[in-house]
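Working notes, structure below.
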Amino acid sequence: MSRLVVHVSRLVGSWLAVSFAFVFALAMAGCVDFTPPLVPPGRGGPPWTELTSQHFILLTDLKGSEARRTLSEFETYYRVLVDHALTTDPFAGPRIQIVLLERAIDFRRFSGEGIQGFSLGKLPNDPEPVPTLALYGDFTESTRTVFLHELTHHVLQQNFRARPVWLDEGLALYYSTLVLDGDIVSVGLPVPTLPLYGMLARTEGARMGRRLVPVTVTGQLRVRMPPASQLIRMDREAFYDARTPSHHDRMRTETGNYAAAWALVHMLHHGPAPYRARYGAFLSGIRQGLSMPEAWARAFRDVPAAELDRALLEYVSAPSAPYEERIYRVLPPKGAVERQRSMSNAEVLLLWARLRDWSAPLGSEDARKDIDAAVASDPRSPEPLFWRALYRARASQFGSAERDFSAVLMREPNDPRYLLGYGLALDAELEKLQKAAGASQSPSEPRRAQRARQLADVVERLRQTATSRYQRDFVSAHEPKGQDLSF
């Protein structure tokens, strides 16, 4: 027995040695990346670059030529989406910030598992809105799909404040598969993760069951697609099944809702002529200034719920998905990359801190480490101190935050971003003091009066230096009523 053990141990040791040598060779050849997640440039991580084009600011760790090619593709597909989905250019505001990480393992530190990208009109911890898309990978089919999905969400958010969740997600899925091949644009291609067509017939056909269409989306996950009349009444909580504790059950319901949203939007674009005409009337109502719910009610008010359910069921039971091809001559983006610069180590760390969830213990601690490392990396810059002040104010450490704000404003006394951040922190602190007073935990009145004087001073300075609408709105909200403001 002892000889057998020795023999096996030697065999395993030899196998491990060979395996290690093989993996080491792959790593040396660039096939395997053993770099831990999120190593900043100052500690040997990849360099980061900021590239600016007509509609985007791309922050990425992709290599230079690949980053420029990707930004050019983003601009091209932006133009195709605008021309074929919106007919007018919707952006008169700031450029969209795109954070593009090369590796999924790095992206997961901000998104969690199962998410390929996300879109936000404002990062939760930023003092004022900067529309942001975040995703990973170079410009492959999957990256393009995620980019178009999130860009559609952003366009809808910028232009339509009240929008039904089924239409929001359905349009994002519908346009996510838009493809440009030479001068041919294909619109309405199936979504790979929602293989509806032809699969219904292989499960339970068109049998409705409990007024739900059975759909097999993957070999493992069995979902049910709600009828159209139920789908269009869903709010966001119902659509995303937020109250279901089981992750598996929640994913099953959510996937069915996504499938139904895509199918209904697809039918309105490519289905029977009467529904296409009603959808055209819906869009016309929006262009005339109606809200989305008002325009929908006007265009579809005389369609019985049962009829809409039947039409969608017949549509998804078809053996294949129709789509449209259009001839389209794309003019190459003029000067796709307008500016390009290397990002400093501190800038990269602050970007990571901004992307993290400060309300979660782990995200908050990681953000603190990022910000402290940024301060150490560039102690002369006011920017890391500004973000440390914001973080400390959020963490109810107002005394420390105030010292950082004072140091920042000593260096840049008239910077409107810094004044706004300080004003927001003072606002939040005054609210806390007011609540404490109302709960009979009254702090000294002089303390509240001091904060009020500080806020009034910030508002006055910001009134003279504001450069953005958000900054001016903050000033207006804190001016005495009846005072005429001129900017």
Worksheet entry | Residue check, Ser119 at pLDDT below 85, among the small types (Gly, Ala, Ser) and either under 30 Å from Ala376 (Cβ atoms) or surrounded by 15 or more Cβ atoms within 10 Å (Cβ to Cβ) (or both) | yes
Discussion item. Can you find, within segment 175-196, the residue that is modelled with the highest pLDDT among those that are farther than 14 Å from His270 by Cβ and not in a loop (DSSP other than H, G, I, E, B)?
Written reply: Ser176
Worksheet item: In segment 232-245, is there at least one residue being part of a helix (DSSP H, G or I) and either modelled with pLDDT of 95 or more or loosely packed, with under 15 Cβ neighbours inside 10 Å (or both)?
Response: yes
Discussion item. What's the number of the only condition in (1) within 21 Å of Val191 (Cα to Cα); (2) among the hydroxyl-bearing types (Ser, Thr, Tyr); (3) touching a helix residue (DSSP H, G or I) at 6+ places or on another chain (Cβ under 6 Å) that Tyr275 fails to meet?
Written reply: (1)
Response to the item:
In segment 347-375, anything under 16 Å from Ala393 (Cα atoms) and aromatic (Phe, Trp, Tyr) is listed as Trp358
Discussion item. Could you check segment 278-314 and list, in sequence order, the residues that are over 17 Å from Leu167 (Cα atoms), assigned to a helix (DSSP H, G or I) and without any contact (Cβ under 8 Å) to a residue 40 or more places away in the chain?
Written reply: Glu307, Arg310
Discussion item. Need the failing condition index for Arg252 against (1) surrounded by 13 or more Cβ atoms within 10 Å (Cβ to Cβ); (2) part of a loop (DSSP other than H, G, I, E, B); (3) at pLDDT below 90, just the number.
Written reply: (2)
Worksheet item: So which residues in segment 243-265 are hydrophobic (A, V, I, L, M, F, W, C) and either touching a Phe, Trp or Tyr at 6+ places or on another chain (Cβ under 8 Å) or free of Cβ contacts under 8 Å to residues at least 60 places away in the same chain (or both)?
Response: Met251, Ala260, Ala261, Trp262, Ala263, Leu264, Val265
Practice prompt. Please work out if Tyr323 is in contact with a His (Cβ under 8 Å, 6 or more places away or on another chain), within 20 Å of Tyr174 (Cβ to Cβ) and touching a residue at least 24 places away in the same chain (Cβ under 8 Å).
Written response: yes
Worksheet item: Out of all the residues in segment 376-397, which are part of a helix (DSSP H, G or I), in contact with a helix residue (DSSP H, G or I) (Cβ under 6 Å, 6 or more places away or on another chain) and in contact (Cβ under 8 Å) with a residue 24 or more places away in the chain?
Response: Ser377, Pro382, Pro384, Phe386, Trp387, Ala389, Leu390, Tyr391, Ala393
Discussion item. Take Ala277 and tell me if it is modelled with pLDDT of 90 or more, surrounded by fewer than 14 Cβ atoms within 10 Å (Cβ to Cβ) and either touching an Asp or Glu at 6+ places or on another chain (Cβ under 7 Å) or outside the structural domain of Leu120 (by TED's automatic domain parsing) (or both).
Written reply: yes
Worksheet item: From the list Thr88, Thr52, Thr76, Thr35, which one is among the hydroxyl-bearing types (Ser, Thr, Tyr) and at pLDDT 90 or above?
Response: Thr52
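Could you please give the count of residues in segment 125-155 that are assigned to a loop (DSSP other than H, G, I, E, B), among the β-branched types (Val, Ile, Thr) and touching a Lys or Arg at 6+ places or on another chain (Cβ under 9 Å)?
1
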Worksheet item: Would a scan of segment 426-447 turn up a residue that is in contact (Cβ under 8 Å) with a residue 60 or more places away in the chain and either surrounded by 14 or more Cβ atoms within 10 Å (Cβ to Cβ) or part of a helix (DSSP H, G or I) (or both)?
Response: no
Worksheet, complete the sentence: With the first residue restricted to segment 105-129 and required to be in contact (Cβ under 8 Å) with a residue 40 or more places away in the chain, and the second required to be polar (S, T, N, Q) and buried (at least 19 other Cβ atoms within 10 Å of the Cβ), Cβ contacts under 8 Å at 6 or more apart or on different chains are Leu123/Thr132; Glu128/Gln471
Worksheet, complete the sentence: Within segment 135-169, residues being under 16 Å from the mean Cα position of the chain (by Cα) and buried (at least 17 other Cβ atoms within 10 Å of the Cβ) number 20
Item to complete: Inspect segment 32-41 for any residue being closer than 22 Å to His153 by Cβ and not in a loop (DSSP other than H, G, I, E, B) and give the result as yes or no.
Response: no
Worksheet item: For residues in segment 405-425 being outside any helix (DSSP H, G or I) and in contact with a Pro (Cβ under 9 Å, 6 or more places away or on another chain), which is surrounded by the fewest Cβ atoms within 10 Å (Cβ to Cβ)?
Response: Glu412
Worksheet item: Only one residue in Leu71, Leu62, Leu58 is in a loop (DSSP other than H, G, I, E, B) and under 24 Å from Val337 (Cα atoms). Which one?
Response: Leu62
Discussion item. Within segment 96-124, take every residue that is more than 14 Å from the chain's Cα centre (by Cα) and outside any loop (DSSP other than H, G, I, E, B) and give me the one that is nearest to Leu390 (Cα to Cα).
Written reply: Arg109
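The values are calculated or read from the model by the stated rules, or taken from the named source; none is laboratory data. In this text, all values refer to a predicted model and were calculated from it rather than measured experimentally. Note: ideal-geometry Cβ built from the backbone for every residue, glycine included; neighbour counts use all protein chains shown.
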